[in-house]
Structures are given as C-alpha cells and as structure tokens.
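**Q** Got a structure here, written out as structure tokens. Questions coming.
The values are calculated or read from the model by the stated rules, or taken from the named source; none is laboratory data. Computed from a prediction, not measured in an experiment: that's the story for all the values here. Note: ideal-geometry Cβ built from the backbone for every residue, glycine included; neighbour counts use all protein chains shown. Note: areas computed on protein heavy atoms with side chains; ligands, DNA, RNA excluded. Shrake-Rupley method; radii C 1.70, N 1.55, O 1.52, S 1.80 Å.
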Amino acid sequence: MQPGFLEVARRPRWIGALLFALAVAAIFAALGQWQIGRAVEQGQADERDTETPVALESVAEPQEPLLSVAGGRIVEVAATIDPDSLLVIGGREQDGTSGAWLTARAITEAGDSLAVAVGWAPTRAEAEAAAADVDLAPGIVIGRYLPSESPTITDFEQDTTEAMSVGDLINRWPGFDGDVYAGYVVLDDAPASLEPIVSLPPQQQTQLNWLNVFYAIEW
C-alpha cells in the first residue's frame, strides 16, 4: 500500500527540506527588502536649508575642495573688494540673453581671497563702466556659494575669459598672494548700474536607484 501525502510529509527528511526552503525564502525576502531600502535611501531628495545665510567659514575653508554641504548655499563673510581685481567675463546668459558679469576678488578679514560675481550687464562695456559703482568699503559679502567653473579653450586662445574659474582668475588678480576659496559667491545685491545675477537654489529631485530595484526583483 502506497503511503499517503500526509504520511510522507511528516517524515523527518521532508520536514527538514520544508524548513530549509522556508529559510532560503526568508533570506531572499530580506535581501530584496534591503535592496528596496537602498534604492529609496539613495534617491532621497537634498533637504538641506540652502537659503538661510551661514558663515562661509562654517562650511568651507581656503585651499580645500568644495564640499557638498557648502555647494549652492547662501553664505556670508566679512570682506573687502580689491579695486584692482575688478574683471569682466563675457558669454554669461541671463533670462535667455547673453551678457557679461563683473567679477572681483574679495579679501576676508583673515586675509583669504574669495572670487565674487558682482552683477550682470547686457554688454561688456556696461559691465566695465559699472566697476566705478562697486562699494569698496569693508562690509559683509552675502550670496550663493558655487563651485568653480573650468576655463574654456577660447579663454586661452584669446587671453579673455568666459568662465567663472577661480584658477584662472587668481592668475589675473594683480598682486594675488595667500590662500583662496575653491568656490565663488554670486552676490545677492548688485550695484544700481548692474542687474543681480540670477542664482537658483540647488534642484531637489527624488529619484530611485533602479539598479537596486532590479536586484530586489531578482531576489
């Protein structure tokens, strides 16, 4: 007489096989849940408060790389604009119109250098003329701290600049010496003869890491 299903299922080896299969399934389920958790964690939005001004020295140091905690934040620092460093860079688009930025070197109370973008004008000539209106008195520099740009090929060929490159600017600042910040600040307020440069907060997007999602499906 053939044994029935229940009789076979109650045999120790089949009970052991069932427990083994359940353990493997539990491990796969845990790994899948972990991968889903990783996908959501890596897709978290940037929820930093970038719009409340903080002291520049609290998020950045001269001669050090720009960290993610500092990028795109509104910062403030006591500094003085060096009148000999005022420089116009072209090819700067604003609201769909190409124009020019007036830039400068700000010297902090500690003697460190900080590149600043002072304001925007529709032409290079207007930006150059606005240099006479820049406040050179010691004060508080406030604006968005952004990473340095890379020089363009045109910059080297024509000895001009269209990039807000800290490395390039320090070679153009007369009498530059000492330490410099890796990023630059777009000033909140511009002289009356210039328009404030449009500087938007960092985009906050939540995206899933789909590779982790696919791994979770595999598990």
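**Q** When you check Thr161 against the structure, is it over 19 Å from Val59 (Cβ atoms) and under 24 Å from the mean Cα position of the chain (by Cα), yes or no?
**A** Working: over 19 Å from Val59 (Cβ atoms): yes; under 24 Å from the mean Cα position of the chain (by Cα): yes.
Yes.
**Q** Next question. Gln94 fails exactly one of the following numbered conditions: (1) buried (at least 23 other Cβ atoms within 10 Å of the Cβ); (2) out of contact with any Asp or Glu (no Cβ under 6 Å at 6 or more places or on another chain); (3) farther than 15 Å from Pro191 by Cβ. What is the number of that condition?
**A** (1)
Listed here are the residues, each with its yes/no results for (1) open to solvent by 70 Å² or more (accessible area, probe 1.4 Å); (2) modelled with pLDDT of 90 or more; (3) closer than 21 Å to Glu126 by Cβ.
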position	(1), (2), (3)
Thr160	no, no, yes
Trp173	no, yes, no
Val185	no, yes, no
Asp188	yes, yes, yes
Ser193	no, yes, yes
Ile197	no, yes, yes
Phe214	yes, no, no
Glu218	yes, no, no
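**Q** Can you pull out every residue in the range 66-86 that is open to solvent by 30 Å² or more (accessible area, probe 1.4 Å) and either closer than 14 Å to Tyr184 by Cα or in a loop (DSSP other than H, G, I, E, B) (or both)? Walk me through how you get there before you give the answer.
**A** Here is the first cut: in the range 66-86, the ones open to solvent by 30 Å² or more (accessible area, probe 1.4 Å) are 66-69, 73, 76, 80, 83-84, 86.
Answer for the range 66-86, where residues must be open to solvent by 30 Å² or more (accessible area, probe 1.4 Å) and either closer than 14 Å to Tyr184 by Cα or in a loop (DSSP other than H, G, I, E, B) (or both): Leu66, Leu67, Ser68, Val69, Arg73, Glu76, Leu86.
**Q** Any chance the range 107-123 includes a residue that's in contact (Cβ under 8 Å) with a residue 24 or more places away in the chain, in a strand (DSSP E or B) and farther than 20 Å from Glu76 by Cβ?
**A** yes
**Q** Look through Thr123, Thr80 and report the one residue that is within 23 Å of Glu195 (Cβ to Cβ) and not acidic (Asp, Glu).
**A** On the way: Thr80 fails: within 23 Å of Glu195 (Cβ to Cβ).
Only one candidate passes the filter, namely Thr123.
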